[in-house]
1. Would you say residue 281 is without any contact (Cβ under 8 Å) to a residue 24 or more places away in the chain, in contact with a Lys or Arg (Cβ under 9 Å, 6 or more places away or on another chain) and outside any strand (DSSP E or B)?
2. May I ask you to say which residue of 139, 119, 146, 107 is within 12 Å of the ligand (Cβ to nearest atom) and polar (S, T, N, Q)?
3. Which of the residues spanning the stretch 122-132 are of a type in the set (S, T, N, Q) and either assigned to a helix (DSSP H, G or I) or more than 11 Å from the ligand (Cβ to nearest atom) (or both)?
4. Is there any pair with a first residue in the stretch 231-255 that is among the aromatic types (Phe, Trp, Tyr) and a second that is open to solvent by less than 20 Å² (accessible area, probe 1.4 Å) whose Cβ atoms are under 7 Å apart and which are 6 or more apart or on different chains, and what are they?
5. Within the stretch 157-172, identify whether any single residue is open to solvent by 80 Å² or more (accessible area, probe 1.4 Å), in a helix (DSSP H, G or I), in contact (Cβ under 8 Å) with a residue 24 or more places away in the chain and out of contact with any strand residue (DSSP E or B) (no Cβ under 9 Å at 6 or more places or on another chain), and answer yes or no.
6. Working only within the stretch 244-261, note down all residues that are among the polar types (S, T, N, Q) and open to solvent by 40 Å² or more (accessible area, probe 1.4 Å).
7. Could you count how many residues in the stretch 143-156 are closer than 17 Å to residue 126 by Cβ and surrounded by fewer than 18 Cβ atoms within 10 Å (Cβ to Cβ)?
8. Going residue by residue through the stretch 104-114, is there one that turns out to be out of contact with any Ser or Thr (no Cβ under 6 Å at 6 or more places or on another chain), at pLDDT 95 or above and either farther than 22 Å from residue 170 by Cα or open to solvent by 60 Å² or more (accessible area, probe 1.4 Å) (or both)?
Amino acid sequence: MNAEIPHIPVLTKETISYLTLKKGMAILDCTVGMGGHAKEILKEIGDTGRLVGIDMDEEVLRAAKAAIGEAAGNFKLFHSNYKDLNLVLKAAGVEELDGALFDLGVSSFQLLSAERGFSVKTEGPLDMRMNKQEPLKASDIINRYSKYELIDIFKKYGDEYFAGRITEKIIKAREKGKIATTGQLAGIVENALPYKYRFRRIHPATKVFMALRIAVNNEMENFETGLSKVVPFLKKRARLCVISFHSIEDRAVKNAFKELERLGIFKIITKKPVQPGEEEIMNNPRARSAKLRAAERM
Ligand code: SAH
């Protein structure tokens, strides 16, 4: 992986402000990535604070360590899935949290590393695993799943209107030989779409790639589990911040927050999601669709 690839954190000022950080707080960063948010959190909580960072991508974690280092004692990084955050916190010796952050999705670091297979724009193996210890790759889904399973994935995780047409083309193509690369899949999807859809600013296979990534990494289930597991660790008045990048993620966050508010567990702080201003979007196109939601533990 290319360590020169920058990852610009999204909605950083807003996230820091909604976490209402103070010196000495204990914070969990469930998706530490390149440590963009972590670095800012550390500044606010100071030497007396504690930050636990989790990422399920070993390469990302290595790069984060190189970028910020593990400050003696008060910053600990774990290669783990946030669905197991209870175990991570136990290992870190942290019993209570003053705040937690989920910054969902992939980092630019992963997206721009061709060999990881996340990008629709660069040729690479159809992999998409954030955690290379997991057995299921995107190519397994594309080459082995039934027609109905594929349609379901493209619709459910990609809101892909042409899921049926695309799946038919995939099935035809894989009868001739294995679909092994991002380029092959991108080409098949492109050809499955009506002609006029092929000339958009966003690549026509973007939604299919996103849907596959969510399926490969079990992203929706992980988030649901992670969210339910973090709740018991949050102190009264502790803040929870979640940043999402597309409507499918944001819907899940919004509904989960509503349910937790209905149960009297959280108070929603952001009635509407917080979105980046024009300046941030200009400096970081990835921020375009970002939405931050914050809630406070009751
Ligand atoms: N906030 C980070 C960027 C996070 S990008 C920064 O400022 O640099 C999202 C990260 O979450 C990716 O590195 C990805 O590997 C990680 N991730 C996604 N799902 C995860 C999960 N279930 N458990 C742990 N890490 C996860």
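1. yes
2. One residue alone meets the criteria, 107.
3. Listed by number, the list holds a single entry, 122.
4. 233/89; 233/97; 245/104; 245/290
5. Yes, there is a match, as at least one residue in the stretch 157-172 is open to solvent by 80 Å² or more (accessible area, probe 1.4 Å), in a helix (DSSP H, G or I), in contact (Cβ under 8 Å) with a residue 24 or more places away in the chain and out of contact with any strand residue (DSSP E or B) (no Cβ under 9 Å at 6 or more places or on another chain).
6. Answer for the stretch 244-261, where residues must be among the polar types (S, T, N, Q) and open to solvent by 40 Å² or more (accessible area, probe 1.4 Å): 247, 255.
7. So the answer is 4.
8. no
The values are calculated or read from the model by the stated rules, or taken from the named source; none is laboratory data. Predicted model only: the values in this text are computed from it and were never measured. Virtual Cβ from ideal backbone geometry, glycine too; neighbours counted across all protein chains shown. Protein only, heavy atoms only, side chains kept; ligands, DNA and RNA dropped before computing areas. Shrake-Rupley method; radii C 1.70, N 1.55, O 1.52, S 1.80 Å.
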